[in-house]
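Just below is one structure, and these are the notes that go with it.
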Amino acid sequence: MDQFISANGKENHALLLDCRDLSFRLAPIPADVALVIANTMVKHSISGGDYPPAAASLKLPARLSPATAPEFHSCAMPHSKTSISGS
């Protein structure tokens, strides 16, 4: 998403991205609001633990009703063939 915000962002605005259809809108950040962004250097991994079974549990519902359950699909770019459902 770094490239997405770089291409579509605007100074003093947050970018609200809807991963279901890749629509987005800019939301002004009030002047009296301060944002703190910190690199905690914490390493994360999705290869083990609870992630694989949780992701697998979404595949069947997504295949059964992708038109009625768009929230099961990833926010992959339209040209990508990758989604949670594997389609």
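The values are calculated or read from the model by the stated rules, or taken from the named source; none is laboratory data. The model shown is predicted, which means the values in this text are computed figures rather than measured ones. Note that we place each Cβ from the backbone using ideal geometry, even for glycine, and neighbour counts take in every protein chain shown.
Tell me, which residue of region 1-13 that is of a type outside the set (A, V, I, L, M, F, W, C) and in a loop (DSSP other than H, G, I, E, B) is surrounded by the fewest Cβ atoms within 10 Å (Cβ to Cβ)?
Narrowing region 1-13 to residues of a type outside the set (A, V, I, L, M, F, W, C): 2-3, 6, 8-13.
Those left that are additionally in a loop (DSSP other than H, G, I, E, B): 9-12.
Values: GLY9: 13, LYS10: 11, GLU11: 5, ASN12: 11.
Looking at the filtered set, the residue picked out is GLU11.
Take region 37-61 and flag every residue that is at pLDDT below 75 and among the charged types (D, E, K, R).
If the condition is that a residue be at pLDDT below 75 and among the charged types (D, E, K, R), then LYS59 is the only one that fits.
Output the residues belonging to region 14-38 that are surrounded by 13 or more Cβ atoms within 10 Å (Cβ to Cβ) and assigned to a strand (DSSP E or B).
Scanning region 14-38 gives ALA14, LEU15, LEU17, PHE24, LEU26.
Is it the case that ASP18 is modelled with pLDDT of 85 or more, in contact with a strand residue (DSSP E or B) (Cβ under 8 Å, 6 or more places away or on another chain) and of a type outside the set (Lys, Arg)?
The answer is yes for ASP18.
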